[in-house]
Amino acid sequence: MKKQDGRTLKPEAQEAIRLRIVNFLKTGKGMQRQAAEIFQISLSAVEKIWKQFKAGGIRALKTKKRGPCQSTSRLSKQQVKQIKSLVGKDTPDSYPIPYYLWTVSPDLSRLRR
């Protein structure tokens, strides 16, 4: 029988399977190979789940937030907005800075005139 790809499941379903596997192994109902057969996942996945559980407990198996991390910007949204409006108004030459801020005008339509 072909094993199901767990990556296609929703995160909540993945967490439920991880918790059921740990419960199965913790209560001594079977070995890791049996858990892999029963829950239709690879033996290496069962080993990884068991290792995570032993290292961090149930907390390590809980679903975590996915996606990019929170912004680490030191500027407030107001400051970012203000900088964007300033940069969009003038060319790099108009700022008295001894180095380049950017190399291309943000508004390319001005170059075509």
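Any read-out appearing in this document is the output of simple, stated calculations on the displayed coordinates, not a laboratory observation. All values reported here derive from a predicted model rather than from experimental measurement. When we count neighbours, we look across all protein chains shown, and the Cβ atoms used for this are built from the backbone with ideal geometry, even at glycine.
What is the list of residues in segment 15-29 whose amide nitrogen lies under 17 Å from a point 7 angstrom out from the Cα of residue 66, following Cα to Cβ?
From segment 15-29, the list is 15-19.
Over segment 6-61, what is the relative contact order in whole percent, taking alpha-carbon pairs under 8 Å and six or more residues apart?
On the way: 35 pairs, mean separation 17.7, N = 56.
For segment 6-61, the relative contact order is 32 percent.
Give me the number: length gained by fully extending residue 12 to residue 87, i.e. 0.36 nm times residue separation minus the C-alpha to C-alpha distance, one decimal in nm. Walk me through the numbers before you get to the answer.
On the way: separation 75, 0.36 × 75 = 27.00 nm, distance 4.46 nm.
Full-extension gain reported as 22.5 nm.
Have a look at 43, 14, 28 and report the one farthest towards the positive end of the charge dipole of segment 6-61, computed about the Cα centre with Cβ charges (Lys/Arg +1, Asp/Glu -1).
Farthest towards the positive pole: 28.
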